[in-house]
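The values are calculated or read from the model by the stated rules, or taken from the named source; none is laboratory data. Owing to the predicted nature of the structure, the values given are computational and were not obtained by experimental measurement. Cβ atoms come from the backbone with ideal geometry, glycine included; neighbour counts cover every protein chain shown. Just the protein is used for accessible areas: all its heavy atoms, side chains included, with ligands, DNA and RNA removed. Shrake-Rupley method; radii C 1.70, N 1.55, O 1.52, S 1.80 Å.
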Amino acid sequence: MEGKRMKIGIVTIISHNLGNRLQNYALQEILKTYGTVETFPLERTSNMKCTLKILVKKILNVCGIKKNYSWDMMDRKVKWSKYICGKNDLQIEKKYDYLVAGSDQIWNPLFDFNSDREFLVSVNKNKRIAYAASIGIDQLPENQKRRFRDNLLNFKAISVRENAAADIVEEITGKRPEVVIDPTMLLKQEEWEKISKESDMDIQEKYIVKYFLGVESKEYSEYIAKLANKLEAKIININSENKEISTECGPSDFLKLISKASFVCTDSFHGSVFSILFKRQFLIFDRPKQKGYGKMSSRIDTLVGKFNLEKRVIKNIEQLNGTIERIDYDKLEPLIETERNKAHLYLDRLFL
C-alpha cells in the first residue's frame, strides 16, 4: 500500500560490519514504501563517491592489482544524507518527518560509539522511532539506566529486536515495546539473491562456511573440521585470509557464500539469519562472555525461539555427540511470514 510520501532518516551503526550494512540496506528498502529514505553517515559521503571507488578498483583489477569492491557496491545502494547528526541538527529537524533508530546493536551501552546520536536527540520527540533496535546484552548497567530512561521516554514509538531488550525497556520506562524481526528478514530470499549475484567469487568445490565473530574454541574448531570431512567439503572461513576469501570479503560475497554453502557454522546473529533466509542447514555456536562486551546471546535466543530452532544452538561440546536433525523449511516459512506481517503492521500504524 502506498503511504504518504514523507522524508525519513535512518540512524544506525556505520562500520565495515557485514550484518550491519545489510540490515541498513534492508531497513531502507522497507521504509521506501512510505517515502524518501536516507541514512545519516558519520562523515560526508555520497553515492557518486562510492561509484568512483568502484571504477578505480575495477581499473586496478584490470591492471592485475586485485581489489574487492563489494563494499562499495553496497554503499552505493544506500542513499546517504548530506547531513550529519550532531553537526546539522537544525537542518535535520526541518527537513525530515521522522528519524528511525535501528537496527543492530545501536543501543549497546558497552560500545564506545553509543551517544546522543543513537537516541535521535537532534529531532523533536514526535519524530523519533525505533525499529528492531538492539541493546545486545541481558542487563543494563546501573549507571546507564537513568540515561536510557530519559532518552527512551522521548520516543514516539519503540520496537526492539530481542526479548531481553523489551524487558530492559519495560523495566526502566514502564512501557513494553514490540519485539520485531531484524529488517534483513523482511526482504525475501530472491531479493538477497539479486545482490549475491554481484559477487565475482566462483567457488566450484563443495564447502561449508565458518563465520565466527567471537572466540572459537578448540573443541568447536575440531568438530567443524570433522563435519567438513564427513560432508566431503572444504571449509571457507569468512573471517580468515585464504586463497578464496580475504578480510575484504564484502556484503555480496558474504551473501553468495552463505547461499551456496552445504552447511554453515557460526556464532553470528546475521550469519544465522541469512542461513535461514537461504534455507541452509546450520549450527549456531554459543559465543562465550567477553570482557568489555558482556553476554550477547539474547538476540540469538529470541531468533531461534521465534522459529522453533532452539536445537540449532550449541552451548557445550556434549551436544555435538548426538545426531543433527535437518531443518524442515516447509514448516518454517509460515512462521517467518507471520513475523513479517507483524512487522509490516507495526510500520503501517506509524507511517500510514
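Taking the criterion of being open to solvent by less than 70 Å² (accessible area, probe 1.4 Å), under 19 Å from GLU162 (Cα atoms), hydrophobic (A, V, I, L, M, F, W, C) and touching a residue at least 60 places away in the same chain (Cβ under 8 Å), would at least one residue in region 316-327 satisfy it?
Scanning region 316-327, I find no residue that is open to solvent by less than 70 Å² (accessible area, probe 1.4 Å), under 19 Å from GLU162 (Cα atoms), hydrophobic (A, V, I, L, M, F, W, C) and touching a residue at least 60 places away in the same chain (Cβ under 8 Å), so the answer is no.
Determine whether region 295-314 contains at least one residue that is open to solvent by 40 Å² or more (accessible area, probe 1.4 Å) and part of a loop (DSSP other than H, G, I, E, B).
Looking through region 295-314, at least one residue is open to solvent by 40 Å² or more (accessible area, probe 1.4 Å) and part of a loop (DSSP other than H, G, I, E, B).
Identify, from the list LEU99, LEU110, LEU152, the residue that is under 18 Å from ILE14 (Cα atoms) and either modelled with pLDDT of 95 or more or of a type in the set (D, E, K, R) (or both).
Going through LEU99, LEU110, LEU152 in turn, just one is under 18 Å from ILE14 (Cα atoms) and either modelled with pLDDT of 95 or more or of a type in the set (D, E, K, R) (or both): LEU99.
Those residues that are touching a residue at least 40 places away in the same chain (Cβ under 8 Å) and either surrounded by fewer than 18 Cβ atoms within 10 Å (Cβ to Cβ) or within 13 Å of LEU152 (Cα to Cα) (or both), I need them from region 166-187; list them, please.
Passing the criteria: PRO177, GLU178.
Taking region 70-94 on its own, how many of its residues are more than 19 Å from LYS256 (Cβ to Cβ) and open to solvent by 30 Å² or more (accessible area, probe 1.4 Å)?
Residues in region 70-94 being more than 19 Å from LYS256 (Cβ to Cβ) and open to solvent by 30 Å² or more (accessible area, probe 1.4 Å): 9 in total.
Taking into account only those residues within region 112-144 that are among the aromatic types (Phe, Trp, Tyr) and touching a residue at least 40 places away in the same chain (Cβ under 8 Å), which is surrounded by the fewest Cβ atoms within 10 Å (Cβ to Cβ)?
Selected residue: PHE113.
For region 315-349, what are the residues that are at pLDDT below 95, of a type in the set (Asp, Glu) and part of a helix (DSSP H, G or I)?
The one that is at pLDDT below 95, of a type in the set (Asp, Glu) and part of a helix (DSSP H, G or I): GLU318.
Table: residues versus (1) under 22 Å from ALA166 (Cα atoms); (2) hydrophobic (A, V, I, L, M, F, W, C); (3) out of contact with any strand residue (DSSP E or B) (no Cβ under 7 Å at 6 or more places or on another chain); (4) assigned to a loop (DSSP other than H, G, I, E, B).
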| residue | (1), (2), (3), (4) |
| --- | --- |
| ILE84 | no, yes, yes, yes |
| LEU90 | no, yes, yes, no |
| GLU93 | no, no, yes, no |
| ILE106 | yes, yes, no, yes |
| PRO109 | yes, no, yes, yes |
| ARG117 | yes, no, no, no |
| SER122 | no, no, yes, yes |
| ILE129 | yes, yes, no, no |
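Kindly indicate whether LYS175 is under 20 Å from the mean Cα position of the chain (by Cα), basic (Lys, Arg), under 30 Å from THR338 (Cα atoms) and in a loop (DSSP other than H, G, I, E, B).
no
Examine region 104-113 for a residue that is more than 23 Å from PRO183 (Cα to Cα), touching a helix residue (DSSP H, G or I) at 6+ places or on another chain (Cβ under 6 Å) and of a type in the set (A, V, I, L, M), and state whether such a residue exists.
No, there is no match, as no residue in region 104-113 is more than 23 Å from PRO183 (Cα to Cα), touching a helix residue (DSSP H, G or I) at 6+ places or on another chain (Cβ under 6 Å) and of a type in the set (A, V, I, L, M).
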